[in-house]
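Heads up: the structure comes next, in C-alpha cells.
FYI, it's all coordinate maths here, none of it is from the lab. Everything numeric in this text was worked out from a predicted model, so none of it was measured. Cβ placement follows ideal geometry from the backbone for every residue including glycine, while neighbour counts extend to all protein chains displayed.
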Amino acid sequence: MREYSLDAEEVLKLFPDAKIILDDDVYYFVGNNDWLKILSEMPVQPRYRKDRFDCDNFTDLARSYLAENYGINGCGKGYGHIPEYHCFCVLLVPEGFVCYEPQTHELKDYPIEKIYFG
C-alpha cells in the first residue's frame, strides 16, 4: 500500500468553496482502491439508529479506525445537504479527494459545505 501526504496549505486549496478546519500540519492518505480495502476490513459494523448512531457517528468511527490502525489522518468529516443535512467521509487521494459513505461503503458525489480534518 503506497502512502501519500499533503501539507495543510495544499489541503486547503482542494476545497476553495468549503468551510474547513485543519488540526494537523501534514495529512497522510492512500489511493482509492487502498481506501476501499482498508475501510471494508473495519471489524465493527454497527447498525443505524436515528440520532443515537447515525451518519456523524459512522463517520467518526471510520476516521478513528483509520487513525488508530493505519496512522492515516487524510479522512475528513464532511457535511452537506443531500438533500437533508448529512455527514460523510472525505478521503484525500492522489488526484484530489473523493466522498465516501461509511453507512453503505460506497464512493459518492456529495456536495461539501464543511469539512473537519483532525
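Counting lysine pairs in the chain that sit 8 or more residues apart in sequence, or on different chains, and whose Cα atoms lie under 20 Å apart gives 10. In a simple Cβ point-charge model (Lys, Arg +1; Asp, Glu -1; nothing else charged), the chain has a dipole of about 420 debye relative to its Cα centre.
Which whole-number percent gives the relative contact order of the chain, counting Cα pairs below 8 Å spaced six or more residues apart?
Working: 194 pairs, mean separation 35.4, N = 118.
Reported relative contact order: 30 percent.
Ranked by the mean number of other Cβ atoms within 10 Å per residue, highest first, peptides 98-106, 27-35, 79-87 order as 27-35, 98-106, 79-87.
With 0.36 nm allotted per residue and the present C-alpha distance subtracted, the K108-F53 stretch has 17.7 nm of extension available. The 3J(HN,Hα) values that the Karplus relation (6.51, -1.76, 1.60; θ = phi - 60°) gives for region 35-48 are, in residue order, 4, 4, 5, 4, 5, 6, 8, 4, x, 9, 10, x, 9, 5 Hz. Gly and Pro appear as x. Shown here for region 3-56: GluC sites (Glu not before Pro) in loop regions (DSSP other than H, G, I, E, B) with at most 12 other Cβ atoms within 10 Å, namely E41. Among the cysteines of the chain, C75, C89, C99 have no other cysteine beta carbon within less than 4.7 Å of their own. With the charge dipole of the chain set up from +1 on Lys and Arg Cβ and -1 on Asp and Glu Cβ about the Cα centre, the Cα lying farthest toward the positive end among the listed residues C99, I21, Y48 is that of Y48.
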